[in-house]
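What follows is a single structure, written as structure tokens, with notes after it.
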């Protein structure tokens, strides 16, 4: 009789432990992560490369979103058009992989003005990423930018 009773309690304990483990696994949320960045491009600057500057972002797997703000902080002489900035997210692997490009975000025309953007990219794997931010030609605008890479 004691053997059956011990077996009953053992089975019941295992069942409760498994149910608690299953509940814990189902309730644990997937944590979103985000990483902020900042850059300052002088009037004659064209490229800011996170890989070259050693600025990397550790991202979880998921849909990558690139969002940010541009502000014109100075204008030197007469601006020669508005070249627009391209924001690229690259995966830092042996052979770098461009994962996303948000392109031709025009810098604000006036000094002190800001413009915001947000773009949802493709699904990415977890790992180390860097930003490459560039414009084709200089346009005599000094631009300050900040942004966020995020995965849900």
Worksheet item: If you check 75, 133, 95, which single one turns out to be assigned by TED's automatic domain parsing to the domain that holds residue 39 and free of Cβ contacts under 8 Å to residues at least 60 places away in the same chain?
Response: 95
Worksheet item: When residues of segment 98-113 are filtered for being loosely packed, with under 14 Cβ neighbours inside 10 Å and either within 16 Å of the chain's Cα centre (by Cα) or in a strand (DSSP E or B) (or both), how many remain?
Response: 3
Practice prompt. Test residue 148 against the stated conditions and say whether it is in contact with a strand residue (DSSP E or B) (Cβ under 9 Å, 6 or more places away or on another chain) and not in a loop (DSSP other than H, G, I, E, B).
Written response: yes
Fill in: Test set (1) surrounded by fewer than 19 Cβ atoms within 10 Å (Cβ to Cβ); (2) not in a loop (DSSP other than H, G, I, E, B) - residue 131 fails condition number
(1)
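Looking at segment 81-92, which of its residues are under 23 Å from the mean Cα position of the chain (by Cα) and either free of Cβ contacts under 8 Å to residues at least 60 places away in the same chain or more than 15 Å from residue 147 (Cβ to Cβ) (or both)?
Kept after step one, since they are under 23 Å from the mean Cα position of the chain (by Cα), are these residues of segment 81-92: 84-92.
Within segment 81-92, 84, 86, 88, 90, 91, 92 meet the criteria.
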Worksheet item: Can you tell me which of 35, 118 is in contact with a strand residue (DSSP E or B) (Cβ under 9 Å, 6 or more places away or on another chain) and surrounded by fewer than 15 Cβ atoms within 10 Å (Cβ to Cβ)?
Response: 118
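The values are calculated or read from the model by the stated rules, or taken from the named source; none is laboratory data. Since we're looking at a predicted model, the values are computed, not measured. Here Cβ is always computed from backbone atoms with ideal geometry, including for glycine, and neighbour counts include all displayed protein chains.
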